[in-house]
Structures are given as structure tokens and as C-alpha cells.
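Visitor: To start, I am sharing the structure in question, which I have written as C-alpha cells.
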Amino acid sequence: MASENCLVANDWVCGQYLREYRQELTDATLQQLWITAVSVAIGLLVAFPLALAARRRRIVAGPVLAVTTILYTVPSLAMFSLLLPVFGITPWLVVTGLVLYSLTILVRNILAGLQAVPADVTESARAMGYGPLRLLFGVELPLALPAVMAGLRIATVSTVALTTVGAIIDYGGLGNLLLSGIGSNFRAQVLAASVLCVVIAVLADVALLGVQWLLTPWKHKRRRARAGAAA
């Protein structure tokens, strides 16, 4: 039970901890958000051309999917150790590792979405004079958006969790609080950091779902039309 002496009693739920350590929690949360957002954004920028190359040339698809899958299986401690000579103990060490982990999810989903675009749709667009870029961004990518967004949501949620591993070099956001809290058996700190990680992951997923809803208005119109026809 939380009380005014809950810090001394080392309670799991402690309002006094939230008040006294508010700045520490805020700094850790902001670091978590920054590392997650930058990692996912860079991962998406890298995954997109890889998926395009894999779709255009089948000989490229196998190696790209194999390499990204192998990278995902590398333990985080080993990954950070391999990247350490290049980036040193900096936030970019964690960001680069997270980017590499996100590629297997993002590349596969972008590729699956583009491959699912009906051939007759692309042929009709070409017949109407669409060039390669206009076809990609005006027809194929919008139709592939549900699969792309699904991959982006999964990659974001997993990155929120993996960011905490960066605590081993003191760039783990809320993972820093988790690591120090577990080491000192500081229950309130462990619970607060854990809950905040879950909240960030849920809010990020909901936000991306809202973005998907805004970017695919035709799907809502189709559902309403079907509902009206059924009625």
C-alpha cells in the first residue's frame, strides 16, 4: 500500500517516488521516445529501397531477406559489441542496432504489400500514361499501405522494447531506470519504468493505427458502402 513513507518501505506502488523522481522519469522517457522514433524512421528509409530492389529483381530478394533475417537473430549484446568499434559509446550505437533489427520486419511487409497489388491495376495505370515513379507513389504504395503500416506498427512496438537494452551503455531510456532499479531492488522505480514502456508502446501503436486510418479513406468508404448495401 502506498503511503508517505512508501520509499522507505520500498513499496511497488509509490506516489512519492513519482513526485520526487519526476524529472528523472521525464528525461528517461524522452530519451526512450527519441531513440525509438529515430531508429524506426531510419529503418523505414533503409527498408524501402531494399524492398523495391527485392521486388524488381528476384535474384536480389533472396539475399536481402536472408541478411535481414540473420541480423534479427543476432543477440543484442553481440550486436552492440560488433558496432562498438565503429560508433563508440554513443546513442548512435543503440540507434544503428535498432535500425538493423527493424529491417527484417519492414522489408518483408513493404515487399509483401507491393507484391499484393493486383497486376491489372498496374497495367491499367501504365495504359493511362503513368510513369514508374507516379505508378509507385500514386497507385502501388497507397494500395500496399495497409501491409506497410502493419509492419511499421510491429517494428515500432518491438523497438520500444529493444531500446531498453541500450541501458548496458547508459543509452536505454527507461531501460536505464529498469537496470538500476533491478540492481538496487528499487521496486517503485522498476514498476514505474515498466508501466511507462508499456504505455509508450500502446500509444505508439494506436497513433500509427490512426495514421493508417487517415491515409486509407477509401477503405472506410468501401465499408460504409457495404454496410449500406447490406442494410
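Visitor: How far, in degrees from 0 to 90, does helix 91-115 lean away from the longest principal axis of the Cα atoms of the chain, to the nearest 10?
Guide: Its long axis makes an angle of about 30 degrees.
Visitor: Using only Cα atoms and rounding to the nearest 10 degrees, what angle (0 to 90) does helix 22-56 make with the longest principal axis of the chain?
Guide: 20
Visitor: Still on this structure, I have one more. Got a sec? What order do M149, M128 fall in by accessible area at 1.4 Å, biggest, i.e. largest, first?
Guide: Values: M149 10, M128 140 Å².
Ranked list, largest accessible area first: M128, M149.
Visitor: Take the Cβ-Cβ distance between R126 and V74 as r, set R0 to 35 Å, and report the resulting FRET efficiency rounded to the nearest 0.05.
Guide: Details: r = 41 Å, r/R0 = 1.18.
The calculated FRET efficiency here is 0.25.
Visitor: Mind checking which of N176, N185, N109 has the largest fluctuation in a GNM of the chain, springs on alpha carbons under 10 Å?
Guide: N185
Visitor: Same structure, new question: Taking a probe of 1.4 angstrom, what is the accessible area of L196 in Å², to the nearest 10?
Guide: 50
Visitor: Working only with C-alpha atoms, what are the Rg and Dmax values of the chain, expressed in angstrom?
Guide: When restricted to the Cα atoms of the chain, Rg and Dmax are 22.0, 74 Å.
Visitor: Output needed: Cys residues of the chain lacking any neighbouring Cys C-beta below 4.7 Å, sorted by number.
Guide: When partners are defined as cysteine Cβ atoms under 4.7 Å apart, the chain leaves C197 without one.
Visitor: Further question on the same structure: In terms of solvent-accessible area of protein heavy atoms at a 1.4 angstrom probe, what is the ranking of R108, R58, R134, highest value first? Mind dumping the intermediate values first?
Guide: Details: R108 105, R58 220, R134 135 Å².
The residues order as R58, R134, R108, largest area first.
Visitor: Report, in debye and to the nearest 20, how large the dipole of the chain comes out about its Cα centre when Lys and Arg carry +1 and Asp and Glu carry -1 on their Cβ.
Guide: Values: 17 positive and 10 negative charges, 275 e Å.
Charge dipole, the chain, about its Cα centre: 1320 debye, nearest 20.
Visitor: Using a 1.4 Å probe on the protein chains only, how many percent of the accessible area of the chain belongs to carbon and sulfur?
Guide: Numbers: 8720 of 12840 Å².
Exposed carbon and sulfur together represent 68 percent of the surface.
Visitor: Taking the simple approach of a point 7 Å from Cα along Cα-to-Cβ for both V86 and L33, what is their distance in nm?
Guide: Taking the two extended label points, one gets 2.9 nm.
Visitor: If one computes P(r) from the Cα atoms of region 85-179, what percent of pairs lie at distances over 23 Å?
Guide: Working: 2016 of 4465 pairs.
The calculated P(r) of region 85-179 puts 45 percent of pairs beyond 23 Å.
Visitor: May I pose another question? Expressed as an acute angle from 0 to 90° and rounded to the nearest 10, what is the orientation of the C-alpha long axis of helix 76-87 relative to the principal long axis of the chain?
Guide: In the chain, helix 76-87 runs at an angle near 80 degrees to the longest axis.
Visitor: Probe radius 1.4 Å, ligands and nucleic acids left out: which of I154, I105 has the largest accessible area, and how do the rest follow? Please list the in-between numbers first.
Guide: Details: I154 95, I105 25 Å².
I get I154, I105, largest accessible area first.
Visitor: If you find the alpha carbon centre of region 40-66 and of region 108-146, how far apart are they in angstrom?
Guide: Going from one Cα centre to the other spans 16 Å.
Visitor: Oh, and also: Rank I154, S180, G97 by how far each Cα sits towards the positive end of the charge dipole of the chain (+1 on Lys, Arg Cβ; -1 on Asp, Glu Cβ) and give me just the farthest.
Guide: Towards the positive end, the residue furthest out is I154.
The values are calculated or read from the model by the stated rules, or taken from the named source; none is laboratory data. Just so it is clear, the model here is predicted, and its values are computed rather than measured. We place every Cβ from the backbone using ideal geometry, glycine too, and count neighbours over all the protein chains shown. All accessible areas refer to the heavy atoms of the entire protein, side chains included, with ligands and DNA or RNA removed. Shrake-Rupley method; radii C 1.70, N 1.55, O 1.52, S 1.80 Å.
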